[in-house]
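Please read the structure below before turning to the comments.
The values are calculated or read from the model by the stated rules, or taken from the named source; none is laboratory data. Remember, predicted model here, so these are calculated numbers, not experimental data. Glycine gets a Cβ as well: all are built from the backbone with ideal geometry, and neighbour counts include every protein chain shown.
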Amino acid sequence: MTNASAPPRGAARPGAWLNGVALYPGWLDPAAQQATRDCLARVIEAAPPFSPETRFGKPMSVRMTSAGRFGWYSDRRGYRYVDRHPSGSAWPPIPQPVLAIWHAVTGLDREPDCCLVNLYRDRARMGLHQDRDEADFDWPVLSVSLGDSALFRVGGTARGDPTRSTWLHSGDVALMAGPARLAFHGIDRIRPGSSTLLPQGGRLNLTLRVVT
Ligand code: SIN
Ligand code: MN
């Protein structure tokens with residue numbers, strides 16, 4: 001793992017680094033993982049996950065939903081944040097225990113506007129991309145992993161930069177901030193059956209973002 005200069009000011013001290021992304025392995029203990037899972041079950045009930053289309057019209061293998069003022073959305077018109085679930089309902093609020101993770105790790109008072117919930121089953125993956133649909137890249141993106149382990153790949157800020165990867169396990173947190181805020185990143189694959197946290201198996205990933 002590559003070392004970075006320092007954690008962002010106010011942030012918790014990382015356990016490891018991956019190309020400048022701060023990693024917090026095991027940030028959530030098993031009881032906290034279960035509590036977070038249970039809050040997320042209510043979000044999923046209120047705002048059922050769907051498969052967005054890429055801007056090329058292909059359905060993504062990852063199913064998604066969101067909580068917060070805004071949810072992330074994609075179709076042939078491109079990638080963007082919208083204030084409604086496709087059903088027309090407002091997104092449910094971001095659960096308090098999830099906000100508590102954000103505040104504890106980032107050290108920020110400002111709340112995130114969006115908690116994107118990604119649901120990976122079987123062969124779902126996410127290609128290398130940058131998170132750049134937000135207005136101000138000075139705000140970090142915080143990722144929380146629950147359920148099956150996933151191979152997380154991180155490069156630099158140019159698509160062709162060399163990449164490194166590591167397995168993210170249930171309860172791990174990652175912070176993309178500072179120079180790594182715009183790092184290319186993706187999920188190569190999950191390891192189905194590696195966790196019993198989610199009743200139907202698979203992996204849930206939360207990414208918390210300040211949008212406006
Ligand atoms: C994302 O980049 O939106 C998700 C990353 C992950 O699933 O860990
Ligand atoms: Mn991303």
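Worth a mention:
- Members of region 117-131 that are within 20 Å of CYS39 (Cα to Cα) and more than 9 Å from ligand 1 (Cβ to nearest atom): VAL117, LEU119, ARG121
- The listed residue being under 13 Å from the mean Cα position of the chain (by Cα), small (Gly, Ala, Ser) and either modelled with pLDDT of 95 or more or surrounded by fewer than 20 Cβ atoms within 10 Å (Cβ to Cβ) (or both), out of SER170, SER165, SER149: SER170
- Only listed residue being part of a loop (DSSP other than H, G, I, E, B) and surrounded by 19 or more Cβ atoms within 10 Å (Cβ to Cβ), chosen from LEU208, LEU198: LEU198
- Among the conditions (1) in contact (Cβ under 8 Å) with a residue 12 or more places away in the chain; (2) not in a loop (DSSP other than H, G, I, E, B), ALA100 misses just one, which is (1).
- Within region 1-72, strands (runs of 3 or more DSSP E) holding 1 or more residues that are free of Cβ contacts under 8 Å to residues at least 40 places away in the same chain: 16-18
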